[in-house]
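Values in this text are rule-based calculations from the coordinates and carry no lab data. Just so it is clear, the model here is predicted, and its values are computed rather than measured. Cβ: placed from backbone, ideal geometry, glycine included. Neighbour counts: every protein chain shown.
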């Protein structure tokens with residue numbers, strides 16, 4: 001199974017020049033905990049999490065109306081290619097301690113895959129295996 005088969009294609013993005021308030025509003029509307037930072041909708045520049053915003057506002061006293069996304073986003077986030085296998089995605093996430101990977105194809109942002117997406121894929125595969133095992137056991141009886 002490939003990343004392409006399990007990634008989310010309907011991704012939310014924000015401009016690096018948006019304010020933290022604009023980014024937070026978009027994240028609230030979409031009910032997401034992170035947002036990809038992109039130019040022209042497909043040129044990945046970074047990633048911004050709700051935690052990044054909380055730290056910038058609460059711990060650093062930044063103003064959400066004037067602080068720009070590019071000031072606090074994680075620049076050049078770890079990515080994965082759409083045709084990579086799910087094992088690779090899992091290894092990358094584990095090694096980097098991240099829960100989301102932007103997905104690229106020929107340098108263009110095409111989706112995002114999360115640890116939850118991987119868990120669902122593994123569950124599907126396990127259920128298929130169990131179904132096959134049960135069929136095999138029933139056929140032998």
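Summary table
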{"item": "Relative packing of 14-26, 83-95, which averages over residues the other C-beta atoms within 10 Å, highest first", "result": "14-26, 83-95"}
{"item": "Exposure proxy order (Cβ contacts within 10 Å, fewest to most) of 114, 34", "result": "114, 34"}
{"item": "The chain: calculated mean residue ellipticity at 222 nm from DSSP helix runs of at least 4, using -39500 (n - 2.57)", "result": "-13000 deg cm²/dmol"}
{"item": "Shape call, the stretch 1-54: gyration tensor on alpha carbons, a/c limit 1.5", "result": "prolate"}
{"item": "Distance from the stretch 1-26 to the stretch 96-132 (C-alpha centre basis), Å", "result": "16"}
{"item": "Acute angle (nearest 10 degrees) that the helix 20-30 long axis makes with the longest principal axis of the chain, alpha-carbon atoms", "result": "30"}
{"item": "Inter-probe distance in nm under a simple model that places probes 7 Å from Cα toward Cβ, at residue 122 and residue 26", "result": "3.1"}
{"item": "Answer label for volume of the Cα convex hull per residue in Å³ (calculated), chosen among (i) 143; (ii) 123; (iii) 107", "result": "(ii)"}
{"item": "Cα long-axis angle, helix 115-140 against the chain (0 to 90 degrees, to the nearest 10)", "result": "10"}
{"item": "The stretch 1-42: relative contact order as a whole-number percent, Cα under 8 Å and 6+ apart", "result": "48"}
{"item": "Helix axis angle, 86-96 relative to the chain longest principal axis, alpha carbon, degrees", "result": "40"}
{"item": "The chain - percent relative contact order, Cα under 8 Å, separation 6 or more", "result": "28"}
